[in-house]
Amino acid sequence: MSNATQLIHSIPVDSLTGSISVPIYQTSTFVQDAPGQHKGYDYARSNNPTREVLERTIATLEGGTAASAFASGLAAIDAVVKLLRSGDEILAVDDIYGGAFRLFTHIYEGFGIKVNYVDTTDVANVIDAFTDKTKLVWLETPTNPTLKISDIAAIAAVARSRGALLCVDNTFASPALQQPIKLGADIVVHSATKYLGGHSDLIAGIVVAADAEVGARIRFIQNASGAILSPHDSWLVIRGVETIYLRVKEHSANALKVARFLEDHPAVDKVYYPGLTSHPGHKVASRQQSGGYGGVVSFTLREDTGAAATKVVCATRLFKLAESLGGVKSLLCHPATMTHKSIPAEKRRSAGVADSLVRLSVGLEDAQDLINDIGQALDLLIYGRKNAAAKAPAAAALWL
Ligand SMILES: *Cc1c(COP(=O)(O)O)cnc(C)c1O
């Protein structure tokens, strides 16, 4: 059976009523027959049947044994860090999601957990940066926003040999393209806000564990800390994830077309997309991902200034200026002043997030319409407003 068929039918039909859609158990508590005698549910922070369907679905999709759904991606990341103790160290990818950087540096370093940021695209750097205190290796691959690729299997082997856990933030690839647990990772986290939900209509996170014991510790932390996903949002993620193979395939096909167009545009300096053979991580990505390279494309401008990037991100009509990614509608953002503004400028630039970097979340519109849109915005940098509009009359007409 294909992955899509398996996924669609792993979401159960309701056994009580035959409802084809998963029921939303909007309840705080569950009635017990006698103290401690219940149907497997006692209090909705600890467990909820709707959330449970989501958790089982994503655990299966990622090839893990257990999953816990959280109120946001950051709540999911937070739960994983809580596996550590004061004095432990995290070895993390340098091009890390800004919110994870803020959490690690500004919250957990205060509790005595040190974080080493390393360019994990080279396994040798990971080996060099390991210390006896390294208990957790934190990867994103592809990274946000420069789409760096790290070799999950090779780094998993290093982590295992040193007795550390490997956690992969799989938000960008999604399980439709990449399953880190099958490559040796111990934990996968997601911002389900992005491709799992897929419709830009909720905030959610999930932790999947390869090992049942780690899964049980995450569940304990979740119940103790309380940042659970609501039944209604759980239902929305279930509905979104049913179409993940279809969506991510199309996001990837559109993104590749947009990336190729950008490579040839005279206003563009570098294009970051792992599906391009020019991308330094193309080979590793092709080995560990399948079905495409995802919907996120980043690029820098020949005129490497925040002002030039601002001009571009304010001139598109179909690509909406907003943080986030992974939805049906295309979005774009300027990481230096938006998603990555909490990272100090020097650290940000040295991780490759240039002042003119623009990140696209390529949606499910027609690829040619998206190309026309980003094309006319880039033309402004070269031809100025008047000529650029004259250059693309058909596209201009569409937006009037
Ligand atoms: C968005 C994002 C997060 C944070 O998730 P929220 O749902 O916004 O809390 C974490 N990691 C990556 C890679 C993300 O893109």
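Residues in the stretch 265-273 include none that are within 16 Å of the ligand (Cβ to nearest atom), touching a residue at least 60 places away in the same chain (Cβ under 8 Å) and not aromatic (Phe, Trp, Tyr).
For the stretch 103-119, check the following and say yes or no: at least one residue is of a type in the set (Lys, Arg), out of contact with any helix residue (DSSP H, G or I) (no Cβ under 7 Å at 6 or more places or on another chain) and at pLDDT 95 or above. Write out each step before concluding.
Step one: filter the stretch 103-119 for residues of a type in the set (Lys, Arg), giving 114.
Retained after the next criterion (residues that are out of contact with any helix residue (DSSP H, G or I) (no Cβ under 7 Å at 6 or more places or on another chain)): 114.
Cutting the leftovers down to at pLDDT 95 or above gives us 114.
Among the residues of the stretch 103-119, at least one is of a type in the set (Lys, Arg), out of contact with any helix residue (DSSP H, G or I) (no Cβ under 7 Å at 6 or more places or on another chain) and at pLDDT 95 or above, which makes the answer yes.
Could you list, in sequence order, all residues of the stretch 71-102 that are in a loop (DSSP other than H, G, I, E, B), modelled with pLDDT of 95 or more and either near the ligand (Cβ under 8 Å from one of its atoms) or not assigned by TED's automatic domain parsing to the domain that holds residue 220 (or both)?
Here is the first cut: in the stretch 71-102, the residues in a loop (DSSP other than H, G, I, E, B) are 71-72, 82-88, 94-97.
Remaining after also requiring modelled with pLDDT of 95 or more: 71-72, 82-88.
Within the stretch 71-102, 72 is the sole residue that qualifies.
All conditions in (1) free of Cβ contacts under 8 Å to residues at least 40 places away in the same chain; (2) within 16 Å of the ligand (Cβ to nearest atom); (3) surrounded by fewer than 24 Cβ atoms within 10 Å (Cβ to Cβ); (4) closer than 26 Å to residue 297 by Cα hold for residue 105, with the sole exception of (4). Checked against the criterion of being more than 16 Å from the ligand (Cβ to nearest atom) and free of Cβ contacts under 8 Å to residues at least 24 places away in the same chain, the candidates 153, 124 yield just one match: 124. Scanning the stretch 198-218 for residues that are within 19 Å of the chain's Cα centre (by Cα), farther than 19 Å from residue 99 by Cα and either among the β-branched types (Val, Ile, Thr) or within 16 Å of the ligand (Cβ to nearest atom) (or both) yields 198, 199, 201, 208. Assess whether residue 136 counts as being touching a Cys at 6+ places or on another chain (Cβ under 7 Å), farther than 29 Å from residue 363 by Cβ, more than 14 Å from the ligand (Cβ to nearest atom) and at pLDDT 95 or above. The answer is yes for residue 136. Yes or no: residue 64 buried (at least 18 other Cβ atoms within 10 Å of the Cβ), modelled with pLDDT of 95 or more, more than 16 Å from the ligand (Cβ to nearest atom) and assigned to a loop (DSSP other than H, G, I, E, B)? Answer is yes for this residue. Is it the case that the stretch 190-209 has a residue that's of a type outside the set (A, V, I, L, M) and assigned to a helix (DSSP H, G or I)? Within the stretch 190-209, not a single residue is of a type outside the set (A, V, I, L, M) and assigned to a helix (DSSP H, G or I). Of the residues making up the stretch 178-197, those that are within 14 Å of the ligand (Cβ to nearest atom) and either over 8 Å from the mean Cα position of the chain (by Cα) or β-branched (Val, Ile, Thr) (or both) are 178, 180, 187, 188, 189, 193, 196, 197.
The values are calculated or read from the model by the stated rules, or taken from the named source; none is laboratory data. Computed from a predicted structure; not experimentally measured. Backbone-built Cβ (ideal geometry, glycine too); neighbour counts: all protein chains shown.
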